[in-house]
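To keep things clear, I will list the structure first and then write my remarks on it.
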Amino acid sequence: MIYYRIYLRHQITEGEIMHEIQNGVHDIPNDIYHGSAGLSRSGLMEFKKSPYHYWHRYLNPERKPSFTTPAMKLGELVHALVLEPEQFEERYAVKPIPVEVPKCGLLKDLGREEFDIQKAAREEAQLMNEEIMNRFIFESLDKEMVSIDLYNEAKMYADAVLKDSVAQALFTGVQVEKSIYYTHKGTGLQCKVRPDAWVGGVVTDLKTCKDASFDAFQRAAVGSGYFIQAAMIKQGLESIGIEMQKFIFYCVEKSECVPCTYYELDMDSLERAENEYNNLMQGIAYCMENNRWGSYQPEILTYPEWAKI
């Protein structure tokens, strides 16, 4: 096996710096983590689609910047409110609700006195809104602006988690949002993971779900690479001398009643996921070494069983 060191870079905008971070545990902001070198679950899932998908997203010199989706931003806010509430105000600025500006009728309909009263009330409200926004902009320098609607939705989900006794046990007295960088033993490539919460060998991952029922979450776990994520965290912990004992997915459903539940990962499934992770890493190493990034494989097209009459 040929071992070599290579940094796999995420798309960054002009003026940003790609951080090359040494192996180990680091207490760094989320944006630094995402902008740093190292293979993450996201990269592996792109490669799982096809090597070309990975190349296009991470290595194509003409690639376009990736954007945070509303669902991703909502999940980020829920994580911050649950796991790092003391830092929320330092990182985010919630846009204030403006004062309602009253309407002003026409002079010919109201008469001078009533018109002047309504006009003054309107101007006062506009001035107040201007002062509110100026103060907000000044106080939110270097912070990320968040709409009040998005904040209220995130807070509703976060509150449901924080009120649950199981969540309180899982998210109290734990390491939170620490980034672990390590070298994958089979390929020599650097990988990175960011467990939501862990203490000793117990890891808990907070998930905001469209549907938190068992069947739906099981499908999401396969499709979104949650099993692979757990395998990467297992190896990340091993790199710092910790044996993972349990991996728990704590799920909060994005629905009006906000049900919460949790699922402990089966160890046989974790072993299967680790094999898949290692195979994907070998595939990326091969493509890197040979600069070959194939797309979907051509096959003979047949009627699927489910479509046959």
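Observations
- Residues of the stretch 261-278 satisfying the condition of being closer than 14 Å to L44 by Cα and surrounded by 12 or more Cβ atoms within 10 Å (Cβ to Cβ): A273, E274, E276, Y277, N278
- Candidates A220, A212: the one that is in contact with a Cys (Cβ under 9 Å, 6 or more places away or on another chain), assigned to a loop (DSSP other than H, G, I, E, B) and aliphatic (A, V, I, L, M) is A212.
- Condition check for M156: surrounded by 14 or more Cβ atoms within 10 Å (Cβ to Cβ), assigned to a helix (DSSP H, G or I) and either at pLDDT below 95 or not assigned by TED's automatic domain parsing to the domain that holds L280 (or both): yes
- Yes/no for A120 being of a type in the set (A, V, I, L, M), within 30 Å of Q245 (Cα to Cα), more than 17 Å from the chain's Cα centre (by Cα) and not in a strand (DSSP E or B): no
- Residues that are within 17 Å of the chain's Cα centre (by Cα) and among the polar types (S, T, N, Q), drawn from the stretch 209-263: S224, Q229
- Being small (G, A, S), part of a helix (DSSP H, G or I) and in contact with a Pro (Cβ under 9 Å, 6 or more places away or on another chain) is a property that does not hold for G294.
Yes/no per residue for (1) under 30 Å from L141 (Cβ atoms); (2) at pLDDT below 85:
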position	(1), (2)
I2	no, yes
R5	no, yes
H56	no, no
P61	no, no
K95	yes, yes
K103	no, yes
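- Scan of the stretch 281-309 for residues that are without any contact (Cβ under 8 Å) to a residue 12 or more places away in the chain and within 32 Å of the chain's Cα centre (by Cα), ordered by number: Y286, N290, N291, Q297
- Applying a threshold of 6 Å to beta carbon distances and a minimum spacing of six or more residues, or different chains, the list of pairs starting in the stretch 39-60 at a residue that is in the same structural domain as Y226 (by TED's automatic domain parsing) and ending at one that is among the basic types (K, R) reads S40/K192; E46/R57.
- If you filter the stretch 279-293 down to residues that are of a type in the set (S, T, N, Q) and closer than 18 Å to R41 by Cβ, you find that the one that is surrounded by the fewest Cβ atoms within 10 Å (Cβ to Cβ) is N279.
The values are calculated or read from the model by the stated rules, or taken from the named source; none is laboratory data. All figures in this text were calculated on a predicted structure; none of them were measured in a lab. Every residue, glycine among them, receives a Cβ derived from its backbone with ideal geometry; neighbour counts consider all protein chains shown.
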